[in-house]
Amino acid sequence: MRLSILDQSPIISGHDARRALEETIALARRADELGYYRYWLAEHHAIAALADPCPEVLVARLGAETKKLRIGTGGVLLPYYSAFRVAETFRMLEALYPGRIDLGIGRAPGGDARTAQAVAGGGFPDASQFPQQIWQLAGHLDGTLPAEHPYKPVRVQPEVTSAPELWLLGSSDYSGALAAQLGLPFSFAHFINPRGGEEVTRAYRRHFQAGRESAPRAMVCTFLICAESDAEAERLAAPIDLRRLHMALNIDTPIPTDAEAAQHRYSVDEHRYVMSQRARAVIGSPATCRAALEEMASRYEADEVMVLTITGSYATRSRSYELLIGACR
């Protein structure tokens, strides 16, 4: 099973964003040593628990800190940006780390409505232009814009002989259908939407039209916590359970520590809510996690599996990734 990591650079209660970014760098080094395949960074804006609003900057640092990992974004929120500028940025990264760069793109806002306006310069991004943006981005990356396109004469620097892998990310049938139409690899966010993704990826394969890629490639990304036992993994899940409750209540705080999470007393309704969110996640021992991921990959007809782990400390997060890949070798 090809395993990869999605890192949202979580900020733990009592720590700051600088420490969260340092932990992302350390974790990428460890993932490289352990043999993970890809390491993607997410884009979020004005969220107290997540430290990375500009993953392309951190990708540049991780490239210098690692040797074998494919590194990239999961993803750049394309409606905010010029396709040309994104192409320049990722051609630069490809020039620095040839054959190792992934450009995952999405259309989610990555923050609340006011933040989206601020990021977009005062107006809401026009998501209806997303398919055209992707087409133009691919054309800039590959030099394949048609002769009649007004930007065809514009030189995209730096000129390189290879190009980043371009992935479309999503959690709906719209994204899967668009990836199939444009001939792109597709990553389904099970950690966002745990229902219906299997049919989305199967439909993606059925309707795939050769384009930038000659054949479909599918990935599923899930939240995961792996520990020495199922019981210990349940204990380590307490901070993210409480964080999800806070999100539902519009409480924007860093990730609780284990001790803070253990102190919370859930009402019946709160407990019911956090348990309903567990469908997004795999939580358990190495054997439990391996079996669950193998079953998930089969259901999704996924070529690759990516996992997102957030716990109440860096040590337990790093250990989770160590245990998982040890079980899946």
Practice task
Could you tell me which GluC sites (Glu not before Pro) in the stretch 82-179 are loop residues by DSSP with no more than 15 other beta carbons within 10 angstrom of their beta carbon?
Solution key: E148, E159
Practice task
Take the Cα radius of gyration of the stretch 227-329 and divide it by 2.2 N^0.38 Å, with N its residue count; two decimals is plenty.
Solution key: 1.12
Exercise for the section: Select from I310, L242, A292 the residue farthest towards the positive end of the dipole of the stretch 193-329; place +1 on Cβ of Lys and Arg, -1 on Cβ of Asp and Glu, and compute about the Cα centre. Expected result: A292
Exercise for the section: Neighbouring Cβ atoms within 10 Å as the yardstick, rank I255, I25, I134 fewest first. Expected result: I25, I134, I255
Problem - Efficiency of FRET from Cβ geometry, Q209 and L249, R₀ 45 Å, rounded to 0.05 - result: 0.55
Fill in the blank from the handout: Ranked on Cβ counts within 10 Å of their own Cβ, fewest leading, C328, C54 go C54, C328
Completion exercise
1/(1 + (r/R0)^6) with r = Cβ-Cβ of Y273 and R61, R0 = 35 Å, i.e. FRET efficiency to nearest 0.05, evaluates to 0.40
Handout entry: Placed amide H near R2: partners under 5 Å, 5+ positions off or other chain
Key = V305
Handout entry: Column: log10 I(q)/I(0), Debye, Cα scatterers of the stretch 38-151, q = 0.11, 0.12, 0.19 Å⁻¹
Key = -0.38, -0.45, -1.03
Fill in the blank from the handout: About its Cα centre, the stretch 219-289 carries a charge dipole, from +1 on Lys and Arg Cβ atoms and -1 on Asp and Glu Cβ atoms, whose size in debye to the nearest 20 is 240 debye
Problem - Part-to-part distance (alpha-carbon centres) for the stretch 35-114 and the stretch 146-220, which is given in Å - result: 16 Å
Completion exercise
Treating only Lys and Arg (+1) and Asp and Glu (-1) as charged, each at its beta carbon, one finds that the chain has a dipole about its Cα centre, in Debye to the nearest 20, of 320 debye
Completion exercise
Which of (1) 24.4, 72; (2) 19.5, 64; (3) 24.4, 84 gives Rg and Dmax of the Cα atoms in Å as computed here? It is (2)
Fill in the blank from the handout: Here the net charge surrounding D142, from other residues whose Cβ is less than 11 Å away from its Cβ (Lys, Arg +1; Asp, Glu -1), is +2
Problem - Debye, to nearest 20: dipole size of the stretch 5-164, +1 on Lys, Arg Cβ, -1 on Asp, Glu Cβ - result: 180 debye
Fill in the blank from the handout: Per-residue ellipticity at 222 nm attributable to helices in the chain (runs of n ≥ 4 DSSP H, -39500 (n - 2.57) apiece, nearest 500 deg cm²/dmol) works out to -13500 deg cm²/dmol
Exercise for the section: Provide L245, L308 in ascending order of the number of other Cβ atoms located within 10 Å of each residue's Cβ, fewest first. Expected result: L245, L308
Problem - Loop-resident sites, the stretch 166-217, for trypsin sites (Lys or Arg not before Pro), counting at most 15 other Cβ within 10 Å (DSSP) - result: R195
Problem - Using alpha-carbon coordinates, inclination of helix 314-328 to the longest axis of the chain, degrees - result: 80 degrees
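Each value in this text was obtained by applying a stated rule to the coordinates, not by laboratory testing. Since we're looking at a predicted model, the values are computed, not measured. Cβ: placed from backbone, ideal geometry, glycine included. Neighbour counts: every protein chain shown.
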